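Novice: Okay, handing you the structure first.
The values are calculated or read from the model by the stated rules, or taken from the named source; none is laboratory data. Please read these numbers as outputs of a predicted model, since none were measured by experiment. Positions of Cβ are generated from backbone atoms using ideal geometry, with glycine treated the same way; all protein chains shown enter the neighbour counts.
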2 protein chains.
Amino acid sequence: MQKKIYLAGPDVFLANAREILGQKADLTRAAGFIPLCPGDLEVPPRDTKKGLGLAISAINEGMMREADAVIANLTPFRGLAADVGTSFELGFMCALDKVVYGYTNFATDHFQRCADYYGGTLVKSDDGRTRGPDGLSIEDFDMADNLMLDGGIESRGGVFVVGNAPQDALYTDLDAFRECLRLVSLRYAS
Amino acid sequence: MQKKIYLAGPDVFLANAREILGQKADLTRAAGFIPLCPGDLEVPPRDTKKGLGLAISAINEGMMREADAVIANLTPFRGLAADVGTSFELGFMCALDKVVYGYTNFATDHFQRCADYYGGTLVKSDDGRTRGPDGLSIEDFDMADNLMLDGGIESRGGVFVVGNAPQDALYTDLDAFRECLRLVSLRYAS
């Protein structure tokens, strides 16, 4: 019985979303799996904008429940952290105890990305935490992103693959995605 | 039987995290519920940074499973979207079909925040979508954040409360949180 993998990520927002998701679906099939892609590109007509958004949300939740596994593209999106929709979906799949893998195409880890965000002006507070000039503490756990994301993946035997794509291929480079596919294949083979 | 509410949010990163989470816990108890707060502030010793992060992740997942409901602080955090850890937790609770409510203290909706992020230089592409100059499409669904977040809450009968706190009280104003508590109370009373 072929396993189904939900392909989560902000890929749906790309100008060439269909091309990239098509490539990811092809690679997934070539690895022996059935790809399930977010419903954003196949949008059912609705009377209101919100109705449309709710319909896509329901489609995606349904696909996630149907899937056996997820490969989440957690590359920082419009800022210094993963896409929040993808983070929601990763949490959703973790709660259902699915097979969860993720990747980022940006090699710099969470702590350093935050340090860069603050221009390096960090302070140590009395409680031993590192904080930005706005007082907000910065997680310092040798993790690629927020500890719930890394923790959710690692505690279930998954891997958060850290790639290092050129800046102009941050959302299109598929090396880290391929590595996730390879690891999921090994996981199901064992 | 008193219901347990998990208090998700980036509040744990505040310089006065204990004070704010203490206030939220007090309000939750005053509303007749048992508050469960993220484990970030009660950190068990571990040998490595990553081991510590994984331990906190496990504590938080355990509390979420124990909780009956979540009130998620989805105020934009270090950028234009909700905190990714909180987004993960919201997805986690949605998958478990818990009672889910959320709030933001920032009144500007997702579409306008993205427009502001791009300095207003938006384009319409051939597929009818609005995009930033980087080609990334912008969700336009009259929603406070990514459609998975709004959709996850609304489809379960919850409410994504949109507050409007002063900039200097973005993470400390509790009006929208109180409104969530009021709505959860009504939900359980009905």
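Novice: Looking at (1) surrounded by fewer than 23 Cβ atoms within 10 Å (Cβ to Cβ); (2) more than 7 Å from chain B (Cβ to nearest Cβ), find the lone condition where A:Met93 falls short.
Specialist: (1)
Novice: Still on this model: Residues being more than 10 Å from every other protein chain (Cβ to nearest Cβ) and either part of a loop (DSSP other than H, G, I, E, B) or at pLDDT below 95 (or both): count how many of those fall in the range B:171-180.
Specialist: First, the residues of the range B:171-180 that are more than 10 Å from every other protein chain (Cβ to nearest Cβ): B:172-180.
With either part of a loop (DSSP other than H, G, I, E, B) or at pLDDT below 95 (or both) added as a condition, the list becomes B:172-174.
Final tally of qualifying residues: 3.
Novice: Do we find that A:Lys98 is surrounded by fewer than 24 Cβ atoms within 10 Å (Cβ to Cβ) and closer than 18 Å to B:Phe88 by Cα in this structure?
Specialist: When the stated conditions are applied, A:Lys98 passes them.
Novice: Now a separate question. Is it the case, given these coordinates, that B:Asp116 is of a type outside the set (A, V, I, L, M), closer than 19 Å to B:Arg78 by Cβ and at pLDDT 95 or above?
Specialist: Judged against the criteria, B:Asp116 is a match.
Novice: Counting just the residues of the range B:131-159 that are in contact with a helix residue (DSSP H, G or I) (Cβ under 8 Å, 6 or more places away or on another chain) and surrounded by fewer than 16 Cβ atoms within 10 Å (Cβ to Cβ), which one comes out farthest from the other protein chains (Cβ to nearest Cβ)?
Specialist: B:Gly157
Novice: Restricting the search to the range A:59-81, which residues are at the interface with another protein chain (Cβ under 7 Å from one of its Cβ atoms) and over 21 Å from A:Ala25 (Cα atoms)? Give the derivation first.
Specialist: Start the filter on the range A:59-81 by keeping residues that are at the interface with another protein chain (Cβ under 7 Å from one of its Cβ atoms), which leaves A:60, A:78-81.
Listed by number, the residues that qualify are A:Arg78, A:Gly79, A:Leu80, A:Ala81.
Novice: Here's a check for you: in the range B:160-190, which residue that is over 13 Å from the mean Cα position of the chain (by Cα) and small (Gly, Ala, Ser) is surrounded by the most Cβ atoms within 10 Å (Cβ to Cβ)?
Specialist: B:Ala165
Novice: If you check B:Ala165 against the conditions, is it in a loop (DSSP other than H, G, I, E, B), of a type outside the set (D, E, K, R) and assigned by TED's automatic domain parsing to the domain that holds B:Thr86?
Specialist: yes
Novice: Among the residues of the range A:17-29, is any closer than 23 Å to B:Met143 by Cα and either among the aliphatic types (A, V, I, L, M) or surrounded by fewer than 23 Cβ atoms within 10 Å (Cβ to Cβ) (or both)? Walk me through how you get there before you give the answer.
Specialist: Restricting attention to the range A:17-29, the residues satisfying the condition of being closer than 23 Å to B:Met143 by Cα are A:17.
Filter once more, so that each one left must be either among the aliphatic types (A, V, I, L, M) or surrounded by fewer than 23 Cβ atoms within 10 Å (Cβ to Cβ) (or both): A:17.
For the range A:17-29, residues closer than 23 Å to B:Met143 by Cα and either among the aliphatic types (A, V, I, L, M) or surrounded by fewer than 23 Cβ atoms within 10 Å (Cβ to Cβ) (or both): present.
Novice: Can I ask one more? Given the condition basic (Lys, Arg), outside any loop (DSSP other than H, G, I, E, B), in contact with a strand residue (DSSP E or B) (Cβ under 7 Å, 6 or more places away or on another chain) and crowded, with 18+ Cβ neighbours inside 10 Å, answer yes or no: does some residue in the range A:114-127 qualify?
Specialist: no
Novice: Quick check on the range B:26-48. Is at least one of its residues at pLDDT 95 or above and within 11 Å of chain A (Cβ to nearest Cβ)?
Specialist: yes
Novice: Among (1) under 26 Å from B:Arg113 (Cβ atoms); (2) surrounded by fewer than 24 Cβ atoms within 10 Å (Cβ to Cβ), where does A:Ala69 come up short?
Specialist: (1)
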